[in-house]
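> Take a look at this one; I'll ask things after.
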Amino acid sequence: GGGDNSIGYFSDVRLVKGTAVYTSAFTPPTAPLSAISGTSLLALRGDASIFDAAQINDLILNGDVSSSTTQTKNASSSMYFDGSSTGDSVKIFFTPLGNKNFTIEGWFYGGTQSSATRIFTTGGNNNSGGFSLVLRTNGNIQLQAPGGTSVYEAGDYDDSAWHHFALVRQGAGTNKFSFYL
């Protein structure tokens, strides 16, 4: 979502509609993610541009988001958000997730945060339309439900390392969510 001044990098991001890819604890993948059944987005694979490798969605870059080779994970480049422009975001328009199973996963390298910033938001830019993954200034990573309510928080965020995340809804028509970090 727009409106935050995020600092950091994203690489190898996948959105899978209709499938809860992870249903229990797992080891983050060490090879690049691939398009599996239900993949709606597969971003940043193999070259120095920002595009959907699944060739399903157009990505709209806002602010001064750019491709970078400074920090990479499973690709030769990453999306870089420098934190200097309000509204730095990548917008993806696709059929709403509704009550179906889904998995959103990827890697982020957040850098030092001077204020709480959202890593991603599944809807809108004000936490009212979906889940948000937030880096907090106290060194914690927080998953917020619609409306900004904290549903998960983990400490000891390392600002000099890549972190894998996966938000999974398993059980269509229910609100059973799992978050893996």
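The values are calculated or read from the model by the stated rules, or taken from the named source; none is laboratory data. Remember, it's a predicted structure, so these values are computed and weren't measured experimentally. Glycine also receives a Cβ, built like all others from the backbone with ideal geometry; neighbour counts cover every protein chain displayed. Surface areas here come from the heavy atoms of the whole protein model, side chains and all, with no ligands, DNA or RNA. Shrake-Rupley method; radii C 1.70, N 1.55, O 1.52, S 1.80 Å.
> Could you check the stretch 93-106 and list, in sequence order, the residues that are open to solvent by 20 Å² or more (accessible area, probe 1.4 Å) and modelled with pLDDT of 70 or more?
Once the filter is applied, which keeps residues that are open to solvent by 20 Å² or more (accessible area, probe 1.4 Å) and modelled with pLDDT of 70 or more, the stretch 93-106 yields ASN99, LYS100, ASN101, ILE104.
> Pull out all pairs, ordered by first then second residue, where Cβ-Cβ is under 6 Å, the residues are six or more apart or on different chains, the first lies in the stretch 29-42 and is within 10 Å of LEU15 (Cβ to Cβ), and the second is open to solvent by 60 Å² or more (accessible area, probe 1.4 Å) and assigned to a loop (DSSP other than H, G, I, E, B).
SER40/ILE56; SER40/PHE94; LEU42/ALA35
> Right, next: Collect the residues in the stretch 53-86 that are of a type outside the set (A, V, I, L, M), at pLDDT 75 or above, under 24 Å from VAL16 (Cα atoms) and part of a loop (DSSP other than H, G, I, E, B), keeping them in residue-number order.
Selection gives THR72, LYS73, ASN74, SER76, SER77.
> Can you spot a residue in the stretch 142-152 that is among the hydrophobic types (A, V, I, L, M, F, W, C), outside any strand (DSSP E or B), at pLDDT 75 or above and open to solvent by less than 60 Å² (accessible area, probe 1.4 Å)?
Yes, the stretch 142-152 contains a residue that is among the hydrophobic types (A, V, I, L, M, F, W, C), outside any strand (DSSP E or B), at pLDDT 75 or above and open to solvent by less than 60 Å² (accessible area, probe 1.4 Å).
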